[in-house]
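Undergrad: Structure below; questions to follow.
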Amino acid sequence: MAHRQWNPGDGIGPLVKPSVSRTQLVMYAGASGDFNPIHTVDEFAQKVGLDGVIAHGMLTMAFVGQLLTDLLGSEGELHKFGVRFTGMVRPGDVITCEGRVVEVIQEEKMQTALCDVWAVTQNGEKVLNGQAEFAVPIA
């Protein structure tokens with residue numbers, strides 16, 4: 001099976017995620033073992049001024065991670081992944097996750113791609129910037 005060869009400037013994505021309902025948010029939190037009521041109960045979230053924003057931000061980070069793991073499939077490995085939030089992800093936001101390969105390091109049987117990744121809302125507001133490093137075998 002031929003493996004994809006990565007080059008600087010190659011685009012990653014997009015992965016569009018529709019807004020998440022309160023019911024879905026509770027299901028995601030339960031599936032992840034996160035039972036913090038700040039993430040799932042508006043009353044608790046409002047007491048600390050969040051209104052569910054933390055949970056939606058964490059889901060945005062997870063969506064960018066999904067973009068990368070879907071991209072790699074079973075061929076590659078995600079070595080590093082870090083993000084920084086630059087805006088608020090609010091309940092009802094539709095998120096588009098994308099990225100671009102910045103640098104490729106060729107080795108004998110492996111290539112490592114260094115990437116910038118980001119997420120924007122339906123209004124074009126960038127809410128997350130990140131970097132990722134993944135390795136894939138060379139055919």
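Undergrad: Would you pick out the residues in region 106-133 that are buried (at least 19 other Cβ atoms within 10 Å of the Cβ) and over 18 Å from A62 (Cβ atoms)?
TA: Q111, A113 - these are the residues of region 106-133 that are buried (at least 19 other Cβ atoms within 10 Å of the Cβ) and over 18 Å from A62 (Cβ atoms).
Undergrad: Name the residue, out of K47, K109, K80, that is of a type in the set (K, R) and modelled with pLDDT under 85.
TA: K47
Undergrad: Another question, if that's okay. On the given criteria, is E77 farther than 30 Å from E43 by Cβ and in contact with a helix residue (DSSP H, G or I) (Cβ under 8 Å, 6 or more places away or on another chain)?
TA: Here the answer is no, as E77 does not meet what is asked.
Undergrad: Does region 50-59 contain at least one residue that is modelled with pLDDT of 75 or more, within 19 Å of D116 (Cβ to Cβ) and not small (G, A, S)?
TA: no
The values are calculated or read from the model by the stated rules, or taken from the named source; none is laboratory data. The structure displayed is predicted, hence computed values, not measured ones. Every residue, glycine as well, gets a Cβ built from its backbone with ideal geometry; the counts of neighbours run over all protein chains shown.
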